[in-house]
């Protein structure tokens with residue numbers, strides 16, 4: 001178990017609070033990325049901008065070896081903060097309500113630790129990604145080549161469900177896919193006193209909401225966690241007018257590809273059937289989001305080894321239940337093997353508010369733990385990459 005670094009802890013808290021005070025929305029993380037760039041340069045690294053608000057920096061290792069990548073996210077949410085923290089957001093209507101201020105600080109902490117090493121076992125790439133909250137940042141960064149030469153990738157998320165000082169490492173699927181749908185019901189408006197002359201979009205839309213809710217409960221094997229939720233229903237302009245149209249929007253979550261496909265097909269089938277039944281016309285738009293996030297065995301084993309070194313075997317635990325939240329880190333692990341863990345950040349005795357809440361906060365003691373794990377997993381994975389290269393060539397040189 002590695003001893004905590006007091007100086008690192010205090011520095012990380014200072015950096016995190018600066019990020020928290022100045023949150024920025026997806027694709028607008030200009031101040032945040034400039035601050036990241038400045039700090040990395042102070043470590044002697046040569047950071048480079050990617051897509052204006054992303055930042056990437058490489059730490060050298062033995063020439064010719066593949067790269068181990070570490071990733072954090074940068075963006076905040078359109079939420080008015082209500083924490084009363086002394087470092088609360090100064091940007092009206094914007095808040096770091098999901099811990100990305102902590103994630104960015106942790107990766108900077110890992111950069112600090114790794115830059116002190118005289119030699120790394122393999123090259124390390126630090127990826128500071130924008131736009132995770134809207135699910136487009138990872139794909140865009142991949143399109144810019146941030147995974148070129150990458151053999152393994154690691155990341156993590158602060159989690160108030162687990163005590164500070166624990167690291168949650170689980171193989172298999174750890175996050176769900178996220179897709180969205182929009183259904184426009186086109187009926188025929190009319191006077192509320194003469195409903196027989198109209199096709200009521202409110203009634204048709206309401207029936208769709210109720211029918212859609214039966215997909216998971218009656219069409220999906222209960223062994224496969226999934227969710228379909230309608231989060232928006234908008235219709236009507238006056239109390240005495242039958243609405244001519246209605247708009248429904250919602251989210252689809254699944255941990256299995258076949259279930260994901262089935263949910264989308266069923267929404268289409270049910271919406272079409274209800275509209276036909278009542279003589280309404282329909283427009284359906286299904287938008288594909290991030291795939292399920294699956295930790296593969298080899299990188300998960302390396303992540304677990306690093307976690308044991310950092311917090312001790314007794315503090316390395318598994319996810320207690322299926323997580324249907326989404327994380328666009330899944331786009332990275334779709335292309336290269338990787339592992340995504342959770343950093344326990346629960347404050348004992350303090351009421352906890354969930355992520356994406358206006359009162360969300362986490363235990364800042366988790367920052368040093370996360371930074372130390374990121375640095376350690378880069379070295380553990382780097383040794384695995386170097387050993388694999390030696391096995392392939394027989395002389396320690398990469399092919």
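We did not get these values from a lab; they are worked out from the coordinates using the rules stated. Everything numeric in this text was worked out from a predicted model, so none of it was measured. Note that each Cβ is placed from the backbone with ideal geometry, even for glycine, and that neighbours are counted across all protein chains shown.
A few comments on the model shown:
- Here the simple spin-label model places points 7 Å from the Cα toward Cβ, and for residue 214 and residue 196 these points are separated by 2.9 nm.
- Of 343, 239, 162, the sequence from fewest to most neighbouring Cβ atoms within 10 angstrom is 239, 162, 343.
- Estimated from the Cβ-Cβ distance and a Förster radius of 22 angstrom, the FRET efficiency linking residue 287 and residue 91 is about 0.20.
- 0 to 90° range, to nearest 10: angle between helix 6-21 axis and the chain longest Cα axis: 30 degrees
- If you take the Cα centroid of region 25-44 and the Cα centroid of region 54-96, the two points sit 9 Å apart.
- Per-selection Kirkwood Rh - region 177-287 (Cα, Å, 1 d.p.): 14.4 Å
- Only beta bridges with both residues in the chain are counted; by DSSP, about 70 percent of them are antiparallel.
- Rounded to 10°, Cα long-axis angle of helix 201-212 versus longest principal axis of the chain: 50 degrees
- Oblate is the label for region 308-350, because a/c, from the alpha-carbon gyration tensor with a ≥ b ≥ c as root eigenvalues, is 1.5 or above and a/b does not exceed b/c.
- Relative contact order, whole percent, for the chain stands at 25, derived from Cα pairs under 8 Å and 6 or more residues apart.
- Label point distance in nm, residue 30-residue 134, each placed 7 Å from Cα along Cα→Cβ: 1.5 nm
- Gap separating the Cα centres of region 176-208 and region 239-254, nearest whole Å: 6 Å
- Among 85, 152, 70, residue whose mean-square fluctuation peaks in a GNM of the chain (springs only between Cα atoms under 10 Å): 85
- Cα gyration tensor shape for region 32-107, rounded if a/c is under 1.5, else prolate or oblate: prolate
- This ranking places 242, 341 by how few other beta-carbon atoms lie within 10 Å of each, fewest first, which gives 242, 341.
- A straight chain from residue 273 to residue 84 at 0.36 nm per residue would run longer than the Cα-Cα distance by 63.1 nm.
- Distance between the pseudo-spin-label points of residue 296 and residue 227 (7 Å out from Cα toward the beta carbon): 2.9 nm.
- Using a Gaussian network model of the chain in which every pair of alpha carbons under 10 angstrom is joined by a spring, one finds that among 118, 389, 290 the greatest mean-square fluctuation is at 118.
- With contacts taken as Cα pairs under 8 Å and at least 6 residues apart, region 177-287 reaches a relative contact order of 43 percent.
- Fewest-first ranking of 182, 379, using other Cβ atoms within 10 Å as the exposure measure: 182, 379
- Under 11 Å from the residue 359 label point (7 Å along Cα→beta-carbon), backbone N, region 67-90: 82-84
- 0 to 90° range, to nearest 10: angle between helix 30-42 axis and the chain longest Cα axis: 10 degrees
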